[in-house]
Amino acid sequence: MDLQALSDFNLVAVHGGFGRASRVSGRAKATLSRRVADLEQSLGVRLIDRGSQHLRLTDEGRRLHERTEGLLSEIGEAGEAVALGASTPRGRLRVSAPVVLAHVAFGRIGARFAMAYPEVQLEIVADDRKVDPVEDGFDLVIRIDPSPDERLVGRRVLNDQRLVVAPIHWPQPEPAAEGAAQPVKAVLLPTTPPGAVWRLERGAAADLQLRPEPVLRLSSLLMVRDAVLAGAGAALLPKLLVAEDVAAGRLALWGAQAGPLVEIWALQSSRRLMGAKVRAFLEVIGQAFPGRVYVSPRDEAMDAGGEKRS
């Protein structure tokens, strides 16, 4: 089997058509079409249904794509490792991260990585969409409390908490009799359901329950934080976003949300091995948060079923 023709077929399959594959790769559309036709002829089967309005893989094409895409990636990475040196991160690295996390931390992380690894062309895209690493062309996607996904494997790189913060001049509520939830003016996300209750842990102090009453709903956590700083109300926000404001005395901390910690994971396609540049980027993330839980890539991973393994 012609590996170049197989590679071209997988390129077309990943990007959903000859035109898009041509634009992404810079290769002529006619060349890609001819290569795929040659592959079909050598195998004696049709791999792509060209009669439909949009490209559609045949059953044979889908099976071939599923079984060979990851193998070709590994072959390419193996060749790159031999040619360039497996221990030296090089090449392009595309990372997708949630908007708030990117805003708070990934500018500094990106700068630190770029200075440490000048032979890597790093691109970090802030996006709250649930991107697909393969279809959207990302080497690594950062997700918060991700659901199990058989297409992805990854590692937990950071833990965080959700904190209730308020304008600095507001008095902190005290627990009500019989544990009843106390009403509090709040800035909420549009997705916060009616009747929500904030259950807070306060260390040595008694736990506290609050019933947020919206005075304002904003679609961005960054806007919510700014509204609290302006005195509009209390809010439930990530510690990563408000820790500096609390430490500087700009926001009052009322407590941490009860329950498990928030887990932040770095994920990649299950069909790809972890390369040196991805491993180096994860190490830089760990170095950026020395006071938080960081799990080394050698210590923990999420398998296709979402369970952790050593």
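The values are calculated or read from the model by the stated rules, or taken from the named source; none is laboratory data. Fair warning: this is a prediction, and the values are worked out from it, not measured in the lab. As a convention, Cβ positions derive from the backbone with ideal geometry for all residues, glycine included, and neighbour counts pool all protein chains shown. Calculation scope for accessible area: heavy atoms of the full protein, side chains included, ligands and nucleic acids excluded. Shrake-Rupley method; radii C 1.70, N 1.55, O 1.52, S 1.80 Å.
General observations
- ARG250 vs. criteria under 16 Å from HIS169 (Cα atoms), open to solvent by 60 Å² or more (accessible area, probe 1.4 Å) and of a type outside the set (A, V, I, L, M, F, W, C): yes
- Filter result for the condition that a residue is in a helix (DSSP H, G or I) and at pLDDT below 80, over GLU40, GLU80, GLU60: GLU80
- Condition check for LEU47: surrounded by 13 or more Cβ atoms within 10 Å (Cβ to Cβ), more than 19 Å from GLU135 (Cβ to Cβ) and not basic (Lys, Arg): no
- Residues of the stretch 156-170 that are buried (at least 21 other Cβ atoms within 10 Å of the Cβ) and at pLDDT below 90: VAL157, LEU158.
- The residue that is modelled with the highest pLDDT, among those in the stretch 91-145 that are open to solvent by 50 Å² or more (accessible area, probe 1.4 Å), touching a strand residue (DSSP E or B) at 6+ places or on another chain (Cβ under 6 Å) and charged (D, E, K, R), is GLU123.
- Selection status of ALA13, closer than 24 Å to ARG92 by Cβ, in contact (Cβ under 8 Å) with a residue 40 or more places away in the chain, in contact with a His (Cβ under 7 Å, 6 or more places away or on another chain) and not in a loop (DSSP other than H, G, I, E, B): yes
- Remark: pairs (first residue in the stretch 22-33, more than 15 Å from LEU6 (Cβ to Cβ); second residue polar (S, T, N, Q); Cβ separation under 8 Å; 6+ apart in sequence or on different chains) = ALA28/SER22; LYS29/SER22.
- Scanning the stretch 20-34 for residues that are over 28 Å from the mean Cα position of the chain (by Cα) and either at pLDDT below 85 or on the phi > 0 side of the Ramachandran plot (or both) yields a single hit, ARG27.
- Qualifying residue in the stretch 184-202 (condition: without any contact (Cβ under 8 Å) to a residue 24 or more places away in the chain, closer than 25 Å to PHE289 by Cα and surrounded by fewer than 17 Cβ atoms within 10 Å (Cβ to Cβ)): no
- Among residues of the stretch 218-249, those that are in a helix (DSSP H, G or I) and closer than 23 Å to PHE289 by Cβ, counted: 13
- Residue within the stretch 213-220 that is under 22 Å from the mean Cα position of the chain (by Cα) and open to solvent by 70 Å² or more (accessible area, probe 1.4 Å) present: yes
- For the stretch 63-77, the set of residues classified as surrounded by fewer than 16 Cβ atoms within 10 Å (Cβ to Cβ) and either of a type in the set (Lys, Arg) or at pLDDT 85 or above (or both) consists of ARG63, ARG67, listed by residue number.
- Looking at GLY231, GLY291, GLY259, GLY255, just one residue is modelled with pLDDT of 90 or more, surrounded by fewer than 17 Cβ atoms within 10 Å (Cβ to Cβ) and not aromatic (Phe, Trp, Tyr), and that residue is GLY231.
- Pairs are defined by a Cβ separation below 9 Å, a sequence spacing of at least 6 or placement on different chains, a first member in the stretch 135-150 that is on the phi < 0 side of the Ramachandran plot, and a second member that is assigned to a loop (DSSP other than H, G, I, E, B) and among the aliphatic types (A, V, I, L, M); the pairs so defined are PHE138/VAL131; VAL141/VAL131; PRO148/ALA304; ASP149/ALA304; GLU150/ALA304.
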